[in-house]
1. Of the residues Pro47, Pro30, Pro5, which is open to solvent by 40 Å² or more (accessible area, probe 1.4 Å) and more than 16 Å from Lys91 (Cβ to Cβ)?
2. Quickly run through the stretch 8-21 and pick out the residues that are open to solvent by less than 50 Å² (accessible area, probe 1.4 Å) and of a type in the set (A, V, I, L, M, F, W, C).
3. Can you tell me which residue within the stretch 10-26, out of those that are touching a strand residue (DSSP E or B) at 6+ places or on another chain (Cβ under 9 Å) and of a type in the set (S, T, N, Q), is farthest from Ala95 (Cα to Cα)?
4. So in the stretch 78-94, with the set limited to residues that are aliphatic (A, V, I, L, M) and buried (at least 17 other Cβ atoms within 10 Å of the Cβ), which one is nearest to Glu123 (Cα to Cα)?
5. Take Gly124 and decide whether it is open to solvent by 20 Å² or more (accessible area, probe 1.4 Å) and on the phi > 0 side of the Ramachandran plot.
6. Name the one entry in Asp52, Asp24, Asp59 that is open to solvent by 80 Å² or more (accessible area, probe 1.4 Å), at pLDDT below 95 and acidic (Asp, Glu).
7. From the list Arg99, Arg86, which one is modelled with pLDDT of 95 or more and either touching a Leu at 6+ places or on another chain (Cβ under 9 Å) or not polar (S, T, N, Q) (or both)?
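The values are calculated or read from the model by the stated rules, or taken from the named source; none is laboratory data. None of these values were measured; they are calculated from a predicted model. Reconstructed Cβ throughout: ideal geometry from the backbone, glycine too, with neighbour counts over all protein chains shown. Quick note on the areas: whole protein, heavy atoms, side chains included, nothing else; ligands and nucleic acids left out. Shrake-Rupley method; radii C 1.70, N 1.55, O 1.52, S 1.80 Å.
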Amino acid sequence: VLAAPVTTQIVGSASIERVSEFEDIASESPLRTVLSLDFRGEEFMGPRRLLDDESLWPDRVIVMTLARVGSGEGPDLDRLGSIIARAGKRKVYAAGGVRNRADLMALRDIGAAGVLVASALHEGAITARDIKDAAAPLGPSR
């Protein structure tokens, strides 16, 4: 996959048994590797050290809350905010539970670099205008 210069590999923590596996995968192309920190409910799926040790994280991280995908519950803002606070200069992307424009704005406001959205788009709950507005930089007063 990495032979194509435009590819990015996303590695889900749920598919990793040992941290060394992720390190081996990421070492092949660190700038094109994204780590997905996968959660099912309150349970982290993957080696605990991968969650606890931020130094293992690449420049881009997804926080995937699997139980919220398509649930209508909204994103887990507390968990996302906590990981964003720990991430330093890394970009953190939210995945799971995004329902509408308000969720997009809330995620922007807590510092999410982006959002993975599917159900809300398929249902028409998020419009192109909502996405454009959420992507606009925050003003100096925020």
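1. Pro5
2. If the condition is that a residue be open to solvent by less than 50 Å² (accessible area, probe 1.4 Å) and of a type in the set (A, V, I, L, M, F, W, C), then Val11, Ile16, Val19 are the ones that fit.
3. Ser15
4. Among residues in the stretch 78-94 that are aliphatic (A, V, I, L, M) and buried (at least 17 other Cβ atoms within 10 Å of the Cβ), the one nearest to Glu123 (Cα to Cα) is Ala94.
5. Criteria met by Gly124.
6. Working: Asp52 fails: at pLDDT below 95; Asp59 fails: at pLDDT below 95.
Matching residue, one of Asp52, Asp24, Asp59: Asp24.
7. Numbers: Arg99 fails: modelled with pLDDT of 95 or more.
Residue meeting the stated conditions: Arg86.
This table checks each residue for (1) farther than 26 Å from Gly124 by Cα; (2) assigned to a helix (DSSP H, G or I).
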site: Asp24; (1), (2): yes, yes
site: Phe44; (1), (2): yes, no
site: Leu51; (1), (2): yes, yes
site: Ile62; (1), (2): no, no
site: Ser71; (1), (2): no, no
site: Pro75; (1), (2): no, no
